[in-house]
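Q: Before we start, here is the structure in question, set down as structure tokens.
Readers should treat all values here as calculations from the given coordinates under stated rules, not as data from a laboratory. Computed from a predicted model, the values in this text were never measured in an experiment. Here Cβ is always computed from backbone atoms with ideal geometry, including for glycine, and neighbour counts include all displayed protein chains.
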Amino acid sequence: MKELEERILRDGDVKPGDVLKVDSFLNHQMDTKLFADMAKQWHKDFADAPINKILTIEASGIGIAAMVANEFGVPAVFAKKSKSINLDGAVYTSKVKSYTHKRVYDIIVAQRFLGLDDHVLIVDDFLANGCAMDGLLQICTQAGATVEGIGIAIEKGFQPGGKRLRSEGYRLDSLAIVESMDSETNNVTFREQ
Ligand code: 5GP
């Protein structure tokens, strides 16, 4: 998606440790017009899929998921990060290793918000090693929900998550795939798609 690539080139900041900071439009301040355009793109790309729920993980996925849910006309659910599993009713749980904070945390989704009848589009801001996605996929498996696809704003294509998820057969739609980035020059290149 050209609009997103251009925005990354203009406002993205490459940090050491293969971290791309996009705080000014995606992760902290949110450009909702850009989010709406991303949502429209996924809606077009998944027009043939019977999606009836959007799933993401807090915190950065929530703004994107809300706009996507609005475009599809379906609810959005976000997995909550939890230090201790507070069994407030029945929940699905999984463990995720954080890319940016390097620690493991539990994620939970209440069973009443995800089930056998759900056809899910999972969305998130970034895909790196795929740990956050694995956690969300495990939750969908526990729920017996059908994963129709995965929508990622920025995939870091030089890290293994995307390749692995595609080889596992998931329909992965990344709107920008970073092929390389350099924290010294702030140079970012994208995969042609
Ligand atoms: P993964 O679990 O695929 O290794 O990493 C994905 C998660 O880590 C995303 O939910 C995102 O919040 C965070 N993340 C991974 N790489 C980056 C990055 O380069 N920049 C930012 N801002 N977040 C990232």
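Q: Return the single residue from ALA39, ALA143, ALA90 with maximal mean-square fluctuation; model: Gaussian network over the chain, springs between Cα atoms under 10 Å.
A: For the chain, modelled as a Gaussian network with Cα springs under 10 Å, the answer is ALA90.
Q: In straight Cα distance, which aspartates and glutamates are under 14 Å from LYS102, not counting same-chain residues fewer than 8 positions off?
A: Once the sequence-local aspartates and glutamates are set aside, what remains near LYS102 is ASP18.
Q: With everything on Cα atoms, drop me the angle between helix 60-72 and the longest principal axis of the chain, reported from 0 to 90° to the nearest 10.
A: That helix lies at roughly 70 degrees to the long axis.
Q: Tabulate in residue order the Karplus-calculated ³J(HN,Hα) for the stretch 25-38, using 6.51 cos²θ - 1.76 cosθ + 1.60 with θ = phi - 60°, rounded to whole Hz; enter x for Gly and Pro.
A: In residue order, the calculated couplings are 9, 10, 9, 9, 6, 10, 8, 6, 5, 5, 4, 5, 5, 4 Hz.
Q: So for each of 40-52, 110-122, 150-162 I average, over its residues, the number of other beta carbons within 10 Å; can you give me the resulting order with the highest mean first? Intermediate values should be presented prior to the final figure.
A: Values: 40-52: 14.9, 110-122: 17.1, 150-162: 22.5.
In decreasing order of mean packing, 40-52, 110-122, 150-162 become 150-162, 110-122, 40-52.
Q: So for the pair LYS81, ALA36, with labels modelled 7 Å out along Cα→Cβ, what separation do we get in nm?
A: 2.9
Q: Need the full-extension length gain, ALA49 to THR93, defined as separation in residues times 0.36 nm minus the C-alpha distance. One decimal, nm. Can you show the working numbers first?
A: On the way: separation 44, 0.36 × 44 = 15.84 nm, distance 2.61 nm.
In short, 13.2 nm is gained.
Q: Another one. Aspartates and glutamates near LYS80 by alpha-carbon distance under 18 Å, same-chain residues fewer than 8 away left out - which ones?
A: GLU58, ASP88, ASP106, ASP124, ASP125, ASP134
Q: Could you work out the relative contact order of the chain? I mean the mean sequence separation of Cα pairs under 8 Å and 6+ apart, divided by the number of residues, in percent.
A: Numbers: 374 pairs, mean separation 37.4, N = 193.
Computed value for the chain: 19 percent relative contact order.
Q: For the stretch 144-193 and the stretch 20-83, what is the separation of their Cα centres, given in Å?
A: 16
Q: Reachable lysines from LYS33, Cα under 25 Å, same-chain residues fewer than 8 places away excluded?
A: LYS2, LYS21, LYS44, LYS53, LYS156
Q: Please find, in a Gaussian network model of the chain (springs between Cα atoms separated by less than 10 Å), the residue of GLY144, GLY89, GLY12 whose mean-square fluctuation is greatest.
A: Among GLY144, GLY89, GLY12, the largest mean-square fluctuation in the Gaussian network model of the chain belongs to GLY89.
Q: Okay, moving on. If you average 1/r across every pair of different Cα atoms in the stretch 22-166 and take the reciprocal, what Kirkwood value do you get, in Å? Write out the running numbers ahead of the final one.
A: Working: mean 1/r = 0.0652 Å⁻¹.
For the stretch 22-166, inverting the mean 1/r across all distinct Cα pairs yields 15.3 Å.
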